[in-house]
1. Of the conditions (1) under 30 Å from Pro80 (Cα atoms); (2) open to solvent by 70 Å² or more (accessible area, probe 1.4 Å), Trp109 clears all except one; give me its number.
2. For Leu73, which of the numbered conditions (1) open to solvent by 60 Å² or more (accessible area, probe 1.4 Å); (2) farther than 14 Å from Leu5 by Cβ; (3) modelled with pLDDT under 80 fails to hold?
3. Among the residues of segment 120-161 satisfying the criterion of being within 25 Å of the chain's Cα centre (by Cα) and of a type in the set (A, V, I, L, M), which is most open to solvent (accessible area, probe 1.4 Å)?
4. Could you grab me the full set of residues in segment 136-162 that are farther than 30 Å from Lys106 by Cβ and part of a helix (DSSP H, G or I)?
5. Residues Ile117, Ile103: which one is without any contact (Cβ under 8 Å) to a residue 40 or more places away in the chain, exposed (fewer than 10 other Cβ atoms within 10 Å of the Cβ) and under 28 Å from Lys89 (Cβ atoms)?
6. Given the conditions (1) farther than 23 Å from Tyr105 by Cα; (2) in a loop (DSSP other than H, G, I, E, B), report the number of the one that Asp133 does not fulfil.
7. Which number in (1) under 17 Å from Phe8 (Cβ atoms); (2) surrounded by fewer than 17 Cβ atoms within 10 Å (Cβ to Cβ) marks the one condition that Glu54 misses?
Amino acid sequence: MGSSLFWFDNWIGLGALYFVTPPDFYCEESIHNVIYVVTDGKWDEVRIRELLPEDLAMHILENIKPPSLHDELDRAFWIPETRGEFSVKSSWDYLRRRKDPSIVYKNMWVQGLPFKISFFMWKLWKGQLPLDDTIRRWGYFVPSRCWCCANPDEETREHVFFKSYAAS
């Protein structure tokens, strides 16, 4: 029924118009939904041509059927799933590229292992734990001292998990 967001939903099949238009292109913010460029069940050709670059306007006018004003709401379609329905499993499969996971990830993401343990190991592997050396890499300079050692050393991933007294 045209309730899709004009600039931010992928209703033309090429991506969201906001990201498909050139970077210096002005997006008319008064146009919120697709229905705003439909008049009497047809595309408002003049309005579409003034809102968009010529190639996108032609794509819409020639290839996209205008929405109708019946009571059925627009619904999202999840492209990675053949039925078009979103699921956490399909998004997980899509994101982690199931075909050839590395041996490290196979040992990290083990069925039955609590998620918080797998997530912690993943953050450790990626160097994203909020240790002093990571925080420094992010641009924040803090005094560093490992609090778990009698003779404190700098708090780094290597020190905390491999070299410290607590690690041994």
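1. (2)
2. Here Leu73 meets the rest and fails (2).
3. Met121
4. The one that is farther than 30 Å from Lys106 by Cβ and part of a helix (DSSP H, G or I): Arg136.
5. Numbers: Ile117 fails: exposed (fewer than 10 other Cβ atoms within 10 Å of the Cβ).
Checking each option against the conditions leaves just Ile103.
6. (2)
7. Going through (1) under 17 Å from Phe8 (Cβ atoms); (2) surrounded by fewer than 17 Cβ atoms within 10 Å (Cβ to Cβ) one by one, Glu54 breaks only (1).
Listed here are the residues, each with its yes/no results for (1) over 23 Å from Trp92 (Cβ atoms); (2) among the β-branched types (Val, Ile, Thr); (3) modelled with pLDDT of 85 or more.
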{"residue": "Trp125", "(1), (2), (3)": "no, no, yes"}
{"residue": "Gln128", "(1), (2), (3)": "no, no, yes"}
{"residue": "Asp132", "(1), (2), (3)": "yes, no, yes"}
{"residue": "Arg145", "(1), (2), (3)": "yes, no, no"}
{"residue": "Glu158", "(1), (2), (3)": "yes, no, yes"}
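The values are calculated or read from the model by the stated rules, or taken from the named source; none is laboratory data. Treat the numbers as computed from the prediction; the structure is a model and nothing was measured. Quick reminder, even Gly has a Cβ in these numbers, built from the backbone with ideal geometry, and neighbours come from all protein chains shown. To get the accessible areas, we keep the full protein, side chains included, count just its heavy atoms, and leave off ligands, DNA and RNA. Shrake-Rupley method; radii C 1.70, N 1.55, O 1.52, S 1.80 Å.
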